[in-house]
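K.L.:
This is the structure I have questions about; it appears just below.
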Amino acid sequence: MRQMKQVLSVSLWALGLGMLCASQAATPPNKPEKSGPHQPSRYTAGGMPAGARNYYATTWGVDELATQLAESGQLVRFGYRIVNAALAKPLLDKVSNPSLLDERRHAVLSVPQMEKVGPLRQSGPAEVGKTAWVLFSNRGGVVQPGDRVSVVIGSVRIDGLIVEK
C-alpha cells in the first residue's frame with residue numbers, strides 16, 4: 001500500500017510537471033516585432049568612424065562628408081568639403097557618372113539630368129575650403145533616413161554614410 005502511494009505521488013508530480021511544461025510551450029515568449037523595409041532600426045547608427053574620416057581626407061582630399069534627404073525626400077544630397085584640391089579632382093570630374101548605393105535595399109540612385117541645367121552636381125576646378133555637392137534622384141522614396149549608403153564617383157568610393165533627415 002505504501003509503495004502504491006509513492007507511485008501515485010510520483011505520477012501526479014510528473015503529470016503536474018508535464019502540464020506546466022505544456023502551458024509554457026503554448027505561450028510563446030515575447031518577441032519584438034519584425035522590422036519592415038521602411039521601419040527604422042531600434043539601434044542608433046553611429047557616425048562615420050574617425051579612422052574612415054581620416055582615410056578619405058588623406059586619400060581623396062575631402063572631409064565633412066554628409067548625405068541628407070532634400071525636397072521632401074525626392075532627392076538625396078551628398079555634400080563634402082575639399083581639403084586637398086589635387087586629391088579631390090576625381091570627385092569633380094565632369095565625365096564621371098556618380099551613383100549612390102543602398103546595398104540593404106538593393107538600390108542604385110543616379111544624378112538627374114535637367115534639360116536646361118544639366119546634371120544636378122557641381123563640377124569644375126577644385127578649390128580648398130570649397131563645399132561641393134551632388135544630388136541623387138530618390139523617386140519613390142527608396143532611401144530613407146538612417147539608411148547606410150555608399151557614393152561612387154569615378155574611381156572614388158565613399159562607404160559608411162548615414163542618410164540624415
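The values are calculated or read from the model by the stated rules, or taken from the named source; none is laboratory data. Here the structure is a predicted model, which means the values were calculated and not measured. No Cβ is skipped: glycine too gets one built from the backbone with ideal geometry, and neighbour counts run over all protein chains shown.
K.L.:
Select from region 61-84 the residues that are in contact with a strand residue (DSSP E or B) (Cβ under 9 Å, 6 or more places away or on another chain) and either of a type in the set (S, T, N, Q) or more than 16 Å from Leu161 (Cβ to Cβ) (or both) and list them in ascending order.
P.N.:
Going through region 61-84, the residues in contact with a strand residue (DSSP E or B) (Cβ under 9 Å, 6 or more places away or on another chain) turn out to be 61-71, 74-84.
Within region 61-84, Gly61, Thr67, Gln68, Glu71, Gln74, Ile82, Val83, Asn84 qualify.
K.L.:
Please determine whether any residue of region 146-153 is out of contact with any strand residue (DSSP E or B) (no Cβ under 6 Å at 6 or more places or on another chain), part of a strand (DSSP E or B) and modelled with pLDDT of 90 or more.
P.N.:
yes
K.L.:
Residue by residue through region 90-128, note down the ones that are part of a loop (DSSP other than H, G, I, E, B), among the basic types (Lys, Arg) and closer than 21 Å to Val143 by Cα.
P.N.:
Arg104, Arg105
K.L.:
Pull out all pairs, ordered by first then second residue, where Cβ-Cβ is under 8 Å, the residues are six or more apart or on different chains, the first lies in region 43-68 and is among the small types (Gly, Ala, Ser) and assigned to a strand (DSSP E or B), and the second is exposed (fewer than 12 other Cβ atoms within 10 Å of the Cβ) and modelled with pLDDT of 95 or more.
P.N.:
The qualifying pairs do not exist here.
K.L.:
Starting from residues that are of a type outside the set (A, V, I, L, M) and out of contact with any Phe, Trp or Tyr (no Cβ under 9 Å at 6 or more places or on another chain), keep the ones in region 61-84 and report whichever is surrounded by the fewest Cβ atoms within 10 Å (Cβ to Cβ).
P.N.:
Ser72
K.L.:
Between Leu135, Leu87, which is in contact with a Phe, Trp or Tyr (Cβ under 9 Å, 6 or more places away or on another chain) and either without any contact (Cβ under 8 Å) to a residue 12 or more places away in the chain or within 23 Å of Ala50 (Cβ to Cβ) (or both)?
P.N.:
On the way: Leu135 fails: either without any contact (Cβ under 8 Å) to a residue 12 or more places away in the chain or within 23 Å of Ala50 (Cβ to Cβ) (or both).
Answer to the check: Leu87.
K.L.:
Right, another one. Output the residues belonging to region 69-86 that are more than 16 Å from the chain's Cα centre (by Cα) and either acidic (Asp, Glu) or not in a strand (DSSP E or B) (or both).
P.N.:
Selection gives Glu71, Ser72, Gln74, Val83, Asn84, Ala85, Ala86.
K.L.:
Right, something else. Count, please, the residues in region 106-165 that happen to be among the small types (Gly, Ala, Ser) and under 18 Å from the mean Cα position of the chain (by Cα). Spell out how you get there, then give the answer.
P.N.:
Narrowing region 106-165 to residues among the small types (Gly, Ala, Ser): 107, 110, 118, 123-124, 126, 129, 132, 137, 140-141, 146, 150, 154-155, 160.
Restricting the remaining residues to those that are under 18 Å from the mean Cα position of the chain (by Cα) gives 107, 110, 137, 140-141, 146, 150, 160.
Counting residues in region 106-165 that are among the small types (Gly, Ala, Ser) and under 18 Å from the mean Cα position of the chain (by Cα) gives 8.
K.L.:
Something else about it: Looking at Leu135, Leu87 in this structure, which one is touching a strand residue (DSSP E or B) at 6+ places or on another chain (Cβ under 6 Å) and at negative phi? Break it down into steps so the answer makes sense when it comes.
P.N.:
Working: Leu87 fails: touching a strand residue (DSSP E or B) at 6+ places or on another chain (Cβ under 6 Å).
None of the other options fit; the residue is Leu135.
K.L.:
Looking only at region 107-153, count how many residues are of a type in the set (Ser, Thr, Tyr) and over 25 Å from Ala85 (Cα atoms).
P.N.:
Let us first name the residues in region 107-153 that are of a type in the set (Ser, Thr, Tyr), namely 110, 123, 131, 137, 150.
Within this subset, residues satisfying the condition of being over 25 Å from Ala85 (Cα atoms) are 137.
Final tally of qualifying residues: 1.
K.L.:
With the requirement that a residue be surrounded by fewer than 16 Cβ atoms within 10 Å (Cβ to Cβ), without any contact (Cβ under 8 Å) to a residue 12 or more places away in the chain and either in contact with a strand residue (DSSP E or B) (Cβ under 9 Å, 6 or more places away or on another chain) or hydrophobic (A, V, I, L, M, F, W, C) (or both), what does region 96-132 give you?
P.N.:
Val108, Gln113, Met114, Val117
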